[in-house]
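The values are calculated or read from the model by the stated rules, or taken from the named source; none is laboratory data. Just so you know, these numbers come straight off a predicted model, no measurement behind them. Glycine also receives a Cβ, built like all others from the backbone with ideal geometry; neighbour counts cover every protein chain displayed.
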Amino acid sequence: MHIVILVLVEVLIVIGLSRLVGLAFRSIKQPLVIGEIVAGIMLGPSLFGLIAPHAAVTLFPPETIPYLNVLSQVGLIFFMFLIGLELNPKYLSGQLEIAILTSHVSILAPFSLGTLLAVLLYPLVSNGSVSFTAFALFLGAAMSITAFPVLARIITENNLQGTRLGTLALTCAAVDDVTAWCLLAVAIAVARNGSIDQRAVLTILASLLYIGFMFTAGRWFLKRLATYHLRTKRLSQMVLAGIYMAVVASALITELIGIHLIFGAFLLGAAMPKNEDLVRELAVKTEDFVLIFLLPIFFAYSGLRTQIGLLNRPELWLLCALVLGVAIAGKYIGTYVAARVSGISKREASALGWLMNTRGLTELIVLNIGLELGVISPLLFTMLVIMALVTTFMTSPLLEWTYPKKLIRLDLVEPESEAEIDVDEVVDGESYPHPYRILVPVANPSSQKGLLQLAVAIALNHRHHAVVNPLSLIEFEEDYGFESTPVEANRLIAQRHQELAELIATLEPQSTQSYVHPIVRISSNVARETAQIAMIEQVDLLLVGWHRPAFSTNRLGGRVGQMLSTAPVDVAVFIDRGGERLESLLVPYSANIHDDLALILALRLLINRETCMLQILQVKTENSQKGELSNELHTIMEQLPKSVRDRIDIKNIVDLEPIQAVVAASETVDLTIAGTSRAWGIERQTLGRYTDQLAIQCRSSLLIARRYSQVTSHLTSVLPEVSSQRPVLKEVKQ
C-alpha cells in the first residue's frame, strides 16, 4: 500500500508541474508539449536528482518506476491511437506528387546521414551488445522522424492551414509519418532479432499481413461502426468500451508479432473511418484523460531516464552538437533541395525545411523504444532527447523569421476577400492610396451587432471607399486538443464565418453590408494577434467592445487593456447600453489628444449622417481654464460645410463635479464619445479615474477613444480639402 500511495503522490506532482511548465512555454510561443517534456526532465537526475539527490531518491525510488512505466505505456497506446485517428486522408489531397518526392527525400537524407554518423558513434556510445546493423537502422530512423501532431498544431496556430505552404507541409508530414513508422518497425524487428535474419524477415512479413488485414476486414467492420454512429448520433459507453478493447487488442497483436505495442494502436486509429462526428466525439472522449493524466507520466518516466550529467566531458558535448547538426541539416537540406527541384520558391522551401525539422513527442516515443530494446545507450538517449527538444523549440521562431505573418495572407489558396488587398481608390476624381479601414474584434457574433453597426456608421462615406473588418480570433486552450487539428480548425473557421455572415446580414441599411469583410484566424494570444493584424492591415481605427472582468476591479478588463496598451493604432472602446439610434452625440472636451480623437470621430459620424446632432461640452471648475480646441481641430472646423457646422452645439458650463455634469448631459443623447484620461500610459490597463467612473455612470452608450498618433486625423478622407491646408504634424505616441 505504501508504494501505491507514493506512486499517487508522484502522479500528483508530475501533473501539476507539467501544467505549470507547459503554460510557461506557451507564454513564449512554444508548444505546450515541449514544456511538459522539460518538466519531466526537471524531475529526473538532470535537475531534481542533481540539486536534491536524497529527496529525489525518496520521492522516486526504484520500486515505483515499473508502475510509472505501466501507466506511461497505457498512455502511449491511446496517444498513438489518437495520432492514427487524426491522420485524415484530406491531408494527402494537396500537391501529392510534390509531397511524396519532398517527404521521401526529407527521410532519405537524414536517414543516410544518420547511418553514416552511426559509424562514428557505434564504437563510442553504443551498448556493445547490439549489432551495428540494428544501431545504424535505429539511429537513421530516429533522425528521419517528423512529429506530425506537433507540426499540425504549429501550422494551425500560425494560420497556415489555408496556404500553399501549410497544405504542402501537412501532406509531406503525413507521408513522412507513415514512411518513418514503417522504417522504425523494420529497425525494431532487426533489433529484436539481432540482424536481418529469417526471423526478422518473418516479423516484417507478419506486420505487412496485419496491416493489410486492418485496412480490409478491420476497416469493413469499423465502417459498420460509423454507420451505427450516424444512425444513433451518439457514442454509447458500450460502443466506446468495444473500441478501447479493440485498441488494446490491436496493440497486443503487434507486440506478439514482434514490432511494438504502439503500432497496433496507431493502425486501428488510422483504419478508423474519418466520419467527422464519430472522430470528433471519440477524440474528445479519449484525449482529456490521456493528455492530462497519462502523457505527463510518460514524460516523467522519460525524464527519469534522461541524464544530462552523463555529458560530463567537452568531447561528449561536441558529439551531442554533431548529432544535433546532422539531424537539422539532414531534414532541412533534404526538404529544401527536393522542394526547390519541385518548383517551390526559396522562402517556402526554407519554411518547409524548418517545419519538417519538428520532432517533439514522436521522437521521444521512438527514443524510449530504442532504450528499452537496448539499441541505444543512456548517453545516446540523452543526446537524442536534447536534439528532439532543440529541433522542436526552434521551429516556431525560425518559421516566423523565414515566413512572417504579413506574407501568409498573400499565400492563401482561397483569399478571404478582395478587401484584404489594398488597392488605390479613386472617388469623385480624388485619389486615395488606401480605403478608410476599421478593425472590429468580435468575440461573440450573436451579441455584438451594436459594435459592428457603430463601426459601419463611422466608416462609410460617399466621398471615400471604406472597409470594416470584423475580426474573430479562435483561441485554443490546448495545443494537442482535437479541435486544434487543421481539419477541425478549418471547420470551426467556416462555422465562425457563417455566424459573422448572419451578423452582417442584420446590418442596416443593406447597402452597407458589401463593405463589411470578416477576418477569421486561429490565435494563441488574442490581444497580441489583434495588434499584429492591425499593423499588417494598416487600419485607421481599432474598435473594441467592453467586457467587465468577473474577478477584478479593473474596469477595462484584460484583453481590451492589452489591446489599448499594445496596438500601434488609434483605439476606441465601445460600451453598448442597447440603444440603436445615433441621432444625438455628446463629446465632453478637455483639450487633450485623446479628446481630439473623440471629437474627430464624432465629426465623422456627423458628416456621414445628415440627421445627426453633436453637442460639445466643455466643463470647467471655478479655478480651471477653459479647454481650447487644438490647432488641428480649429483647421478642420473651419473647413466643415455650413450644413455640418449648423448641427454642432458648443456648450461651456461651470461645475465642481465635471463627471456628474457629463453624466447628466448623457441622459438626453444616444452616444457619448470621450477621450481617455490624461493619465493614460501611467495607469496601465485602466481608463483613468475620470473615464473609469464615466464607464459605469454614463446614461447613454459610451465610446472611449485613445489616440496613438496625431498623424491620422480620420477626417482627411471625407474632407479632402483639409489635407491640403492643414499643417504637417509630428507623430506623437501616447
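So K29 fits all but one of (1) without any contact (Cβ under 8 Å) to a residue 12 or more places away in the chain; (2) at positive phi; what number is the exception?
Only one criterion in (1) without any contact (Cβ under 8 Å) to a residue 12 or more places away in the chain; (2) at positive phi is unmet by K29, namely (1).
Identify, by number, the condition in (1) over 16 Å from the mean Cα position of the chain (by Cα); (2) part of a helix (DSSP H, G or I); (3) closer than 20 Å to A388 by Cα that L168 doesn't meet.
(3)
How many residues are surrounded by 20 or more Cβ atoms within 10 Å (Cβ to Cβ), more than 13 Å from A173 (Cα to Cα) and at pLDDT 90 or above when one looks only at segment 329-362?
9
Looking only at segment 39-56, filter to residues that are within 29 Å of E255 (Cα to Cα) and out of contact with any Pro (no Cβ under 9 Å at 6 or more places or on another chain); which one of those is surrounded by the fewest Cβ atoms within 10 Å (Cβ to Cβ)?
Filtering first and then ranking leaves G44.
So which of A134, A147, A99 ends up being touching a residue at least 60 places away in the same chain (Cβ under 8 Å), assigned by TED's automatic domain parsing to the domain that holds V284, of a type in the set (G, A, S) and touching an Asp or Glu at 6+ places or on another chain (Cβ under 7 Å)?
Every option except A147 fails the conditions.
Which condition breaks for L59 when tested against (1) buried (at least 19 other Cβ atoms within 10 Å of the Cβ); (2) at pLDDT 90 or above?
(1)
Starting from segment 582-593, keep only residues that are touching a residue at least 40 places away in the same chain (Cβ under 8 Å), then list their pairs with residues that are outside any loop (DSSP other than H, G, I, E, B) and of a type in the set (D, E) whose Cβ atoms are within a distance under 9 Å, requiring at least 6 positions of separation or different chains.
Cβ pairs passing all conditions: V587/D595; P588/D595; Y589/D595; Y589/D596.
Sort out for me the helices (runs of 4 or more DSSP H) sitting completely within segment 539-658 that have 1 or more residues that are at pLDDT below 80, closer than 23 Å to A466 by Cα and assigned by TED's automatic domain parsing to the domain that holds K449.
Hits in segment 539-658: 558-566, 631-639.
Determine, yes or no, whether A134 is crowded, with 24+ Cβ neighbours inside 10 Å, more than 21 Å from the chain's Cα centre (by Cα) and over 16 Å from A349 (Cβ atoms).
It is true that A134 is crowded, with 24+ Cβ neighbours inside 10 Å, more than 21 Å from the chain's Cα centre (by Cα) and over 16 Å from A349 (Cβ atoms).
Quick check on segment 476-488. Is at least one of its residues assigned by TED's automatic domain parsing to the domain that holds S700, closer than 22 Å to L82 by Cβ, touching a Phe, Trp or Tyr at 6+ places or on another chain (Cβ under 7 Å) and not hydroxyl-bearing (S, T, Y)?
Looking for residues that are assigned by TED's automatic domain parsing to the domain that holds S700, closer than 22 Å to L82 by Cβ, touching a Phe, Trp or Tyr at 6+ places or on another chain (Cβ under 7 Å) and not hydroxyl-bearing (S, T, Y), one finds at least one in segment 476-488, hence yes.
If Y480 satisfies all but one of (1) modelled with pLDDT of 80 or more; (2) assigned to a loop (DSSP other than H, G, I, E, B); (3) over 24 Å from A534 (Cβ atoms), what's the number of the condition it fails?
It is condition (1) that Y480 fails.
Hey, among the residues in segment 306-344 that are outside any helix (DSSP H, G or I) and among the β-branched types (V, I, T), which one's farthest from M383 (Cα to Cα)?
Per the stated criteria, the residue is I344.
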